[in-house]
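Worksheet: one structure, shown below.
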Amino acid sequence: RIIIENYKNESVFLDFMIRFIGLDDFSQEETAVINELIHHHFKKMKHREIKKFNLIVHAKKHFSAGKKDKAIKYSISARLDAPQFLMGAEAANWDLRKVCHEAMVKLESEFKHKFFTDTSYKKPYYRK
């Protein structure tokens, strides 16, 4: 998809795709939760300099000792793929919302570290 956004009165063309793997094992409610949270966090990572990138999300369910209805552990691995870089993050937990949030926060953190989108780093003009 191509999305046109206004950024400081400039037209920016972004070409991105979110690909989900393994959602066949999840119910519709769980799929909706994953979709909602991943899209919410993905909006934060749009960067003006990177015009083409893909997010690949691999979701899994792990059943505990044959108890299909009782205890389910979720794991999500997210990978951000662009021509200039490749970064990824993984998370596992018993709560689906928490897993999605943890994986995307880790990916956002790595993204901020790579592109210095956080304002807390020292500026080049900063003097002690």
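The values are calculated or read from the model by the stated rules, or taken from the named source; none is laboratory data. Please read all numbers here as calculations on a predicted model, not as lab measurements. Counting neighbours? That spans all protein chains shown, and the Cβs are built from the backbone with ideal geometry, glycine included. Surface accessibility is based on the protein's heavy atoms, side chains included, excluding ligands, DNA and RNA. Shrake-Rupley method; radii C 1.70, N 1.55, O 1.52, S 1.80 Å.
Just a few scattered comments:
- The one condition from (1) at pLDDT 90 or above; (2) farther than 19 Å from ILE21 by Cβ that HIS113 does not meet is (1).
- Failed item, numbered, when LYS68 is tested on (1) open to solvent by 90 Å² or more (accessible area, probe 1.4 Å); (2) under 22 Å from LEU23 (Cβ atoms); (3) modelled with pLDDT of 70 or more: (3)
- Across segment 34-57, the number of residues qualifying as modelled with pLDDT of 80 or more and open to solvent by 30 Å² or more (accessible area, probe 1.4 Å) comes to 5.
- Residue check, ASP81 modelled with pLDDT under 70, open to solvent by 40 Å² or more (accessible area, probe 1.4 Å) and among the acidic types (Asp, Glu): no
- Contacts under 6 angstrom Cβ, first residue in segment 76-102 being part of a loop (DSSP other than H, G, I, E, B), partner surrounded by 17 or more Cβ atoms within 10 Å (Cβ to Cβ), 6 or more apart: ALA82/ILE50; ALA82/PHE53
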